[in-house]
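The values are calculated or read from the model by the stated rules, or taken from the named source; none is laboratory data. These numbers come from a predicted model, not from an experiment. Note: ideal-geometry Cβ built from the backbone for every residue, glycine included; neighbour counts use all protein chains shown.
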Amino acid sequence: MKYEGSFNEYFELESITSKNASNLNTLISNELSLLWFQSDNNQIEIDHIPYTFHTNAIICLTEFHTIRVLKFSKAFFLKWNKHFYCVVNHDSEVGCRGILFYGANTFPIIHPSTQDLKTFTVVWKMLEQEMVSNDNLQGEMLQMMLKRILILCTRMYKEQSDYKKIDKKNMNIIREYNILVEQYFREKHTVSEYAALMHKSPKTLSNLFKKLGSKSPLQFIKDRKMLEAKRTLGHTHKTISEIGYDLGFVDVQSFSRFFKKEAGISPSDFRK
């Protein structure tokens, strides 16, 4: 089922099985998506890392993720473009930027509790009903349903993760850091540079991340560069030198040393 507006906006709801699982590989520019698995043992490779997802797991993906389906049974699939709903411009409404989408981590995996699942299922059924409506309010109603789903997912992920250990102000600082890394990881390579953008000290950021029980701020930068390096090595014909230069390394040797230290394998062997 697909809603299309008059200004190139669209919103699509689809049931994915082994027969049409290739549709997961077709995210295009400015698209976001959400997968809600309806069976066990769905095996997907995302950014060259294999994952197995079981019933009721929820994942959120962007156009930048590379997906290869290994084994698939069933899931519900939402996707929409920024003309329909832009999570960056409307972050004050749903608060998911840097948590569900565009964070320095690869992607969140949400495991709803029994009570959360009941609420989520009700909202989803309302969304399905609205998809078959055909009046001049359909677009607005679908946006409202999507916002509700994103808010629920954000709350569930915060609850299951260490975000609940920190107050809202500090959590927003970590979100802002993640978003800045996503924007500038090619140009800025030190915690000090991001701390300056945020008018914070590097020590303040390090202490916050330590309180979260997560990786260090520097490791977030390294992981984001590694993710981009792997995506580019696996899905483009750029030379290793070009990839290293794009990521801010002065020469191929320094990029190769960085890559091998983080991945345990050279860029050329990874590409093979």
The condition of being at pLDDT 85 or above and either under 19 Å from the mean Cα position of the chain (by Cα) or under 16 Å from GLU262 (Cα atoms) (or both) holds, among LYS215, LYS225, LYS238, only for LYS225
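Quick check on this structure: which one of THR17, THR62 is within 14 Å of LEU78 (Cβ to Cβ), in the same structural domain as ILE151 (by TED's automatic domain parsing), polar (S, T, N, Q) and touching a residue at least 40 places away in the same chain (Cβ under 8 Å)?
THR62 is the lone residue from the list that is within 14 Å of LEU78 (Cβ to Cβ), in the same structural domain as ILE151 (by TED's automatic domain parsing), polar (S, T, N, Q) and touching a residue at least 40 places away in the same chain (Cβ under 8 Å).
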Selection over segment 31-63 where residues are assigned to a loop (DSSP other than H, G, I, E, B), more than 12 Å from the chain's Cα centre (by Cα) and surrounded by 14 or more Cβ atoms within 10 Å (Cβ to Cβ) yields a count of 6
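For segment 90-115, give me each residue that is of a type in the set (Val, Ile, Thr) and not in a loop (DSSP other than H, G, I, E, B).
VAL94, ILE109, ILE110, THR114
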Since GLN129 meets every condition but one in (1) touching a residue at least 40 places away in the same chain (Cβ under 8 Å); (2) of a type outside the set (Lys, Arg); (3) under 24 Å from TYR3 (Cβ atoms), which condition does it not meet?
(1)
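Any idea which of LYS118, LYS147, LYS125, LYS79 is within 30 Å of GLU45 (Cβ to Cβ) and either part of a strand (DSSP E or B) or of a type outside the set (A, V, I, L, M, F, W, C) (or both)?
Being within 30 Å of GLU45 (Cβ to Cβ) and either part of a strand (DSSP E or B) or of a type outside the set (A, V, I, L, M, F, W, C) (or both) holds for just one of LYS118, LYS147, LYS125, LYS79, which is LYS79.
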Failed condition for ILE28, given (1) hydrophobic (A, V, I, L, M, F, W, C); (2) assigned to a loop (DSSP other than H, G, I, E, B); (3) touching a helix residue (DSSP H, G or I) at 6+ places or on another chain (Cβ under 6 Å), with all others met?
(3)
Subset of segment 261-272 that is over 23 Å from the mean Cα position of the chain (by Cα) and surrounded by fewer than 17 Cβ atoms within 10 Å (Cβ to Cβ) - its residue that is modelled with the lowest pLDDT
LYS272
From LEU208, LEU218, LEU247, LEU197, residue being closer than 24 Å to ILE67 by Cα and not assigned by TED's automatic domain parsing to the domain that holds PRO112
LEU247
Tell me yes or no: at least one residue of segment 133-143 is under 30 Å from GLU45 (Cβ atoms) and at pLDDT 90 or above.
no
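Considering only residues that are part of a loop (DSSP other than H, G, I, E, B) and of a type in the set (S, T, N, Q), which ones fall in segment 191-213? Write out each step before concluding.
Step one: list which residues in segment 191-213 are part of a loop (DSSP other than H, G, I, E, B), which gives 199-201, 213.
Within segment 191-213, SER201 is the sole residue that qualifies.
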Tally time: how many residues in segment 214-255 are part of a helix (DSSP H, G or I) and either touching a residue at least 40 places away in the same chain (Cβ under 8 Å) or among the hydroxyl-bearing types (Ser, Thr, Tyr) (or both)?
18
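Do we find that PHE258 is surrounded by 15 or more Cβ atoms within 10 Å (Cβ to Cβ) and part of a loop (DSSP other than H, G, I, E, B) in this structure?
On the way: surrounded by 15 or more Cβ atoms within 10 Å (Cβ to Cβ): yes; part of a loop (DSSP other than H, G, I, E, B): no.
For PHE258, the condition - surrounded by 15 or more Cβ atoms within 10 Å (Cβ to Cβ) and part of a loop (DSSP other than H, G, I, E, B) - is not met.
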Tell me, please, whether a residue that is aliphatic (A, V, I, L, M), closer than 30 Å to LEU197 by Cα and free of Cβ contacts under 8 Å to residues at least 24 places away in the same chain can be found in segment 146-159.
no
